[in-house]
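The values are calculated or read from the model by the stated rules, or taken from the named source; none is laboratory data. A quick note: this is a predicted structure, and the numbers were derived from the prediction, not measured. Cβ coordinates were reconstructed from backbone atoms using ideal geometry, including for glycine residues, and neighbour counts include every protein chain displayed.
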């Protein structure tokens, strides 16, 4: 009975995490990994299990976003290869070194970025989007850093890549969210393969993987539709707010020790 209740809870967590991730471009890894670490899983096992489930949920989300026209091709390829490399390096790093050390620094950065995004969208009555594409070297660096932090922190691809691209004023928020979600499939696949080679498949919590996966797949098309329909200003404010809320708790816990 307890196991059934636990699995239902994980399924609902997967649904909620993917709904936030698919609609706002971030949240699945951060939300799910934080929950698993809170119930006692080691950071590497938690991150490996979450990213295994995220292979399927991110693919479902990417397909849904593509069908709804939320993908910008100029973002996908420049982010993809560096993101895969960064994710694999981060997974290898986390397998030997605990990821808790970097979390407060990452959380502080993301809280500051969230506040900046909220301020920018609240104070701007109309947001103009530049026709100029972000440079490939900048996108490559962003993909590498976001992929690395995603594996190490159990979530970070969306929280780093999404707000950075939105603040660049080169793309509409829904295009950023859709493109980031699509590339996330390849990044999480690389991370999961690396985890499998370093800590072994037997260390994964397959019951949790399955529950998160089912909940996330159900939420993916709903979240993509919400992303398409939400006004861009509302999306920007929500993305900034969710960044602050998700990372403020990490900072509070760190400084209250």
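The table that follows gives values for the structure above.
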| read-out | value |
| --- | --- |
| Residue count, segment 62-79 (criterion: within 27 Å of residue 211 (Cα to Cα), in contact with a helix residue (DSSP H, G or I) (Cβ under 6 Å, 6 or more places away or on another chain) and surrounded by fewer than 21 Cβ atoms within 10 Å (Cβ to Cβ)) | 1 |
| Count of residues meeting criterion [modelled with pLDDT of 90 or more, surrounded by fewer than 24 Cβ atoms within 10 Å (Cβ to Cβ) and touching a helix residue (DSSP H, G or I) at 6+ places or on another chain (Cβ under 6 Å)] in segment 205-214 | 4 |
| Neighbours by Cβ (under 9 Å, 6+ apart or cross-chain): first from segment 84-108, on the phi > 0 side of the Ramachandran plot; second at pLDDT 90 or above and not in a helix (DSSP H, G or I) | none |
| Residues that are part of a helix (DSSP H, G or I) and either touching a helix residue (DSSP H, G or I) at 6+ places or on another chain (Cβ under 7 Å) or within 22 Å of residue 161 (Cβ to Cβ) (or both), drawn from segment 24-40 | 24, 28, 29, 30, 31, 32, 33, 34, 35, 36, 37 |
| Odd one out for residue 160, checked against (1) in a helix (DSSP H, G or I); (2) under 16 Å from residue 53 (Cβ atoms) | (2) |
| Residue 96 vs. criteria more than 19 Å from the chain's Cα centre (by Cα) and either at pLDDT 90 or above or more than 30 Å from residue 252 (Cβ to Cβ) (or both) | no |
| Among the residues listed as 59, 35, the single one being surrounded by fewer than 24 Cβ atoms within 10 Å (Cβ to Cβ), under 14 Å from the mean Cα position of the chain (by Cα) and either within 28 Å of residue 172 (Cβ to Cβ) or free of Cβ contacts under 8 Å to residues at least 60 places away in the same chain (or both) | 59 |
| Test: residue 51 is outside any loop (DSSP other than H, G, I, E, B) and closer than 18 Å to residue 228 by Cβ | no |
| Of the criteria (1) farther than 25 Å from residue 200 by Cβ; (2) part of a helix (DSSP H, G or I); (3) at pLDDT 90 or above, which one residue 85 fails | (1) |
| All positions within segment 1-18 that are within 26 Å of residue 68 (Cβ to Cβ) and surrounded by fewer than 23 Cβ atoms within 10 Å (Cβ to Cβ) | 11, 12, 13, 15, 16 |
| Qualifying residue in segment 138-150 (condition: within 21 Å of residue 245 (Cβ to Cβ) and at pLDDT below 90) | yes |
| Number of positions in segment 119-137 that are at pLDDT below 85 and assigned to a helix (DSSP H, G or I) | 5 |
